[in-house]
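Encoded as structure tokens, the structure appears first; notes follow it.
Every number here is computed from the coordinates shown, using simple stated rules; none is lab data. Since the structure is predicted, the reported quantities are computational estimates derived from the model, not experimental observations. Neighbour counts run over all protein chains shown; Cβ positions are idealised from the backbone, glycine included.
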Amino acid sequence: MTNETSTAHCSYAAKTVAKILLDIGAVNFRPEEAYILTSGWASPVYIDCRKLISFPRARRKVMELAARQVSDKAGYEAFDAVAGGETAGIPYSAWLADVLDLPMQYVRKKPKGFGRKARIEGDIHEGQRVLLVEDLATDGASKVNFVNAIREAGAECRHAFVVFFYGVFPNALEELKKDDIELHYLATWADILAVAEEGKYFPKKAIEGVRAFLADPIGWSKAHGGKHD
Ligand SMILES: O=P(O)(O)OC[C@H]1O[C@H](OP(=O)(O)OP(=O)(O)O)[C@H](O)[C@@H]1O
Ligand SMILES: O=C(O)c1cc(=O)[nH]c(=O)[nH]1
């Protein structure tokens, strides 16, 4: 595949996924009352990718795009298994494993306090090449936790896939790279804003509020009680 074909596909995928997320009501703008994200950042925006589980045609489309994206970026036959991060990543990993015809596992955030005390459920082997799958990434910190659990189990994990990546927190991709993790994603906030503006999904004022956050997420977080370093 040429670079141009791959770029055209990324752009088509970004627009399609942004439109799907807007159409199913997964995109929440709330500049007047900040959301505090898992990572501690305050944000006027929140994407509820979990909603996709209830929309079968939309989720099938997203998974087709995902399968193509990871094959283009990481390579055909680059993986031996697909692992979902608890909780939201689990259904996505099941669907993607199905499309890619690969075994599936899932990774717990913490070991269970009893039984096998395992963090990986499913069959995992020494040297197996595992793709971590999650719903979304903000600054990516949770990905490192899941990847470490996969590596501690003896498998290899150098790639993570998310449907949605914030694409606003500085150095998120570079920080993951330091841990030898390449993040693949279909859409970002820039894609959502472009489609939302064009399709007039939200009042102009809400879009402007979101733009202020995207231009300075750290300053916005600090001013609204979230973390800022
Ligand atoms: O830290 P990042 O890598 O940027 O990603 C943000 C994480 O926060 C959310 O999960 P949450 O911890 O709320 O758990 P859940 O999946 O159990 O809902 C989301 O599903 C991502 O996994
Ligand atoms: O970081 C999070 O917790 C988070 C952000 C977001 O936009 N959506 C979500 O489900 N979780």
query = Can you list, bin by bin at 5 Å, the percent of alpha carbon pairs in segment 145-228, starting at 0?
reply = 3, 12, 17, 18, 17, 14, 9, 6, 3, 1, 0
key: Cα Rg, Dmax (largest Cα-Cα span) when computed across segment 3-223, Å   = 17.4, 53
ask   = GNM on the chain, C-alpha springs below 10 Å: top fluctuator among Gly115, Gly127, Gly167?
value = Gly115
request  = Filter the DSSP H helices in the chain by two things, a Kyte-Doolittle mean of at least -0.5 and an axial alpha-carbon span of 18 angstrom or more, and list the hits by number.
outcome  = 3-23
request  = Provide the percentage of antiparallel DSSP beta bridges, counting only those with both residues in segment 3-223; round to the nearest 5.
outcome  = 25 percent
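Can you list the trypsin sites (Lys or Arg not before Pro) in segment 128-229 that are in a DSSP coil and have 12 or fewer other beta carbons within 10 angstrom?
Lys200
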query = Amide H of Glu156: which non-local residues (sequence gap of 5 or more, or other chain) have their own amide H closer than 5 Å, using H built in the peptide plane?
reply = Gly127, Gln128, Arg129, Val130
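Among Lys73/Lys110; Lys73/Lys200; Lys200/Lys227; Lys15/Lys204; Lys73/Lys143, which pairs are too far apart, with a Cα-Cα distance over 24 Å? Mind dumping the intermediate values first?
Numbers: Lys73/Lys110 30 Å; Lys73/Lys200 32 Å; Lys200/Lys227 32 Å; Lys15/Lys204 20 Å; Lys73/Lys143 18 Å.
Cα-Cα > 24 Å for Lys73/Lys110; Lys73/Lys200; Lys200/Lys227; rest within.
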ask   = Regarding segment 92-132, what is the average projected area of its C-alpha convex hull, in nm²?
value = 3.3 nm²
query = In 5 Å bins starting at 0, how do the alpha-carbon pair distances of segment 52-109 split up by percent?
reply = 4, 20, 28, 26, 16, 6, 0
ask   = Taking the Cβ of Ala67 as the center, what net charge do the other residues with Cβ under 13 Å away carry, scoring Lys and Arg +1 and Asp and Glu -1?
value = 0
